[in-house]
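The values are calculated or read from the model by the stated rules, or taken from the named source; none is laboratory data. Source: prediction; values computed, not measured. Cβ sites come from the backbone with ideal geometry, for glycine too, and all protein chains shown count toward neighbours. Each accessible area value is taken on the protein alone, full model and side chains, heavy atoms only, with ligands, DNA and RNA left out. Shrake-Rupley method; radii C 1.70, N 1.55, O 1.52, S 1.80 Å.
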Amino acid sequence: MQQQDGSVGSAVRGRSVPGAGGDAAHSAPKPGSTAAASAPSATTAMPRPGDRLPRCLQGMRGHPWISDALLTVMTVCIVVGGALAHPQDRAVVGHPDALNMTVAVLTCLPLMARCRHPLLVLALTTAGQFLYLAADGRDGSIFTPTLVAMYTVASRSFLKRSFAIASAVAVAHTVLRLSVLGSSFLKPENYLSVVWLYLPVAIGEAVRAKRAYWTEVQARLARADREREEEARRRVTAERMRIARELHDVVAHSIAMINIQAGVAAHVIEQDTGQAKQALVHIKDASRDALAELRTTLGVLRQDGDSDTPTEPTPGAEGIGSLVASYRTAGLPVRLDVSGARRTLPAPVGLALYRIVQESLTNAVKHAGSDAQAVVRIRYAPEAVEVGVTDDGVGAADGQSADGGDGTGHGLLGMRERATAVGGTLRAGPCEPGPGFAVHAVLPTETPSPASGEAAAQRKTTEGNRWSGC
């Protein structure tokens with residue numbers, strides 16, 4: 001038997017079977033065979049019929065002249081077909097001939113430029129309609145190009161302007177129609193153009209409103225995307241600055257302490273080994289504290305996502321006493337004065353207070369000179385905490401530290417950024433009069449109520465009046 005049906009033939013080609021009555025599973029090709037592998041690719045290569053229309057519309061959207069050409073061809077077919085068709089109403093006048101058919105086709109051709117010159121196209125189609133009727137053309141479908149042109153004008157103009165243009169065209173159309181056709185003034189057919197011309201105005205206004213709505217939606221989406229990108233960049237910049245501030249405070253303080261103690265040890269190691277040993281112990285303690293703070297900072301930076309744990313390292317107001325003691329040990333005489341009712345400060349405020357005192361004392365060690373003394377004053381006010389750090393050192397040349405290193409000025413900038421981040425203010429400058437340098441900061445501890453606005457303004461004025469550097 002050479003001839004077999006399709007199913008049996010497929011079974012024989014896919015796998016040898018005893019006969020036509022074998023299991024249906026034997027009729028399918030093996031999963032690893034070439035036929036099985038090529039079947040899905042053949043299926044996916046065929047485009048679905050439902051995808052062709054959206055693809056064509058997308059292509060036409062990029063080439064508007066294609067849609068204008070198609071619309072012009074359709075209008076020509078409607079006008080010519082309506083003129084050649086046998087009229088159902090015996091009252092319809094006009095006879096198609098070569099002249100008026102040519103005028104009808106020429107009346108439709110300006111629609112090719114309707115998007116670029118809508119008003120000109122409306123005037124040309126209206127004039128062509130009158131010429132067609134004057135050439136004894138059959139009335140009816142010749143009104144179609146004018147309706148299309150009126151829709152184009154309405155879809156690109158505001159409603160009042162479109163309404164006025166449609167009214168003017170309707171009046172002109174009615175007057176010229178009566179003069180060209182010579183029909184009775186009382187016939188209602190002569191005034192139907194007034195009704196028909198307002199229909200494309202309504203459709204064009206609806207299309208224009210929809211386009212304006214979608215344009216606004218797209219503009220808002222684009223603006224939202226830009227704002228998200230700007231916010232992301234702002235957050236990245238703010239986080240980078242925060243990391244730089246933390247590392248600067250930790251490293252600058254510790255290295256300054258180590259530098260001073262190393263200088264002491266090198267100076268007295270031959271005369272007083274005990275003092276040199278004590279300086280080395282201080283170096284060890286300072287380096288241990290620096291490593292601990294670096295671990296804390298890096299641990300916070302490694303946290304993923306938002307959590308209830310603090311997002312800033314832990315030093316606060318309670319650590320200022322030990323901080324001042326470390327500077328006394330390093331050789332800088334520091335006096336600490338605390339006034340007001342002590343209380344637990346918010347974590348960001350406490351950290352800002354700690355870092356401002358730390359940076360101010362570090363600057364005093366680096367720039368004030370070997371014989372300088374410093375004073376740290378902290379005052380707890382009802383809605384804020386004030387801190388002032390002053391020294392009486394003579395300082396060094398601008399841009400140079402006491403040990404000869406170059407000063408970059410990042411410390412003062414970081415202190416201002418910390419104060420601003422918690423809603424406070426910071427002022428720094430030379431003491432007036434006399435030698436020395438002073439840093440003064442006001443850090444709010446709670447959001448002030450509207451009733452306390454005058455008190456806050458008065459306090460700010462008082463602080464400005466009494467600021468004299470020291």
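Within the bounds of segment 199-209, is there any residue that is basic (Lys, Arg), at pLDDT 80 or above, open to solvent by 90 Å² or more (accessible area, probe 1.4 Å) and more than 30 Å from residue 285 (Cβ to Cβ)?
no
Say we look at segment 341-363 and pick out the residues that are farther than 11 Å from residue 444 by Cα and part of a loop (DSSP other than H, G, I, E, B); which of these is most open to solvent (accessible area, probe 1.4 Å)?
The extreme case among them is 342.
Could you grab the pairs with beta carbons closer than 6 Å, sequence gap of 6+ or different chains, first residue in segment 202-223 and assigned to a helix (DSSP H, G or I), second one at pLDDT below 90?
Between residues of segment 202-223 that are assigned to a helix (DSSP H, G or I) and residues that are at pLDDT below 90, the close pairs are 204/154; 204/155; 205/154; 205/159; 207/155; 208/155.
If I filter segment 355-370 for residues that are polar (S, T, N, Q), at pLDDT below 90 and over 45 Å from the mean Cα position of the chain (by Cα), do I get at least one hit?
yes
Name every residue in segment 135-171 that is under 18 Å from residue 124 (Cβ atoms), in a helix (DSSP H, G or I) and out of contact with any helix residue (DSSP H, G or I) (no Cβ under 7 Å at 6 or more places or on another chain), in order of residue number.
Within segment 135-171, 168 is the sole residue that qualifies.
Could you please tell me which pairs satisfy a Cβ distance under 8 Å, a separation of 6+ or placement on different chains, a first residue in segment 339-356 that is of a type in the set (Phe, Trp, Tyr), and a second residue that is open to solvent by less than 70 Å² (accessible area, probe 1.4 Å) and not in a helix (DSSP H, G or I)?
So the pair list comes out as 354/315; 354/316.
Just wondering, is there one or more residues in segment 78-96 that are more than 26 Å from residue 65 (Cβ to Cβ) and in a helix (DSSP H, G or I)?
yes
Across segment 129-157, which residue is nearest to residue 82 (Cα to Cα) among those that are buried (at least 21 other Cβ atoms within 10 Å of the Cβ) and free of Cβ contacts under 8 Å to residues at least 40 places away in the same chain?
Here the residue is 132.
Closer than 27 Å to residue 70 by Cβ, open to solvent by less than 30 Å² (accessible area, probe 1.4 Å) and at pLDDT below 90: is that true of residue 170 in this structure?
It is false that residue 170 is closer than 27 Å to residue 70 by Cβ, open to solvent by less than 30 Å² (accessible area, probe 1.4 Å) and at pLDDT below 90.
Hey, can you tell me all the residues within segment 323-338 that are assigned to a helix (DSSP H, G or I) and either on the phi > 0 side of the Ramachandran plot or in contact (Cβ under 8 Å) with a residue 40 or more places away in the chain (or both)?
Listed by number, the residues that qualify are 324, 326, 327, 329, 330.
Within 43 Å of the chain's Cα centre (by Cα) and either modelled with pLDDT under 50 or open to solvent by less than 30 Å² (accessible area, probe 1.4 Å) (or both): which single residue out of 401, 468, 449 fits that description?
From the options 401, 468, 449, the qualifying one is 449.
Tell me, which residue of segment 213-238 that is modelled with pLDDT of 90 or more and open to solvent by less than 60 Å² (accessible area, probe 1.4 Å) is nearest to residue 163 (Cα to Cα)?
217
Kindly establish whether residue 304 is open to solvent by 50 Å² or more (accessible area, probe 1.4 Å), at pLDDT below 80 and closer than 25 Å to residue 372 by Cβ.
Here the answer is no, as residue 304 does not meet what is asked.
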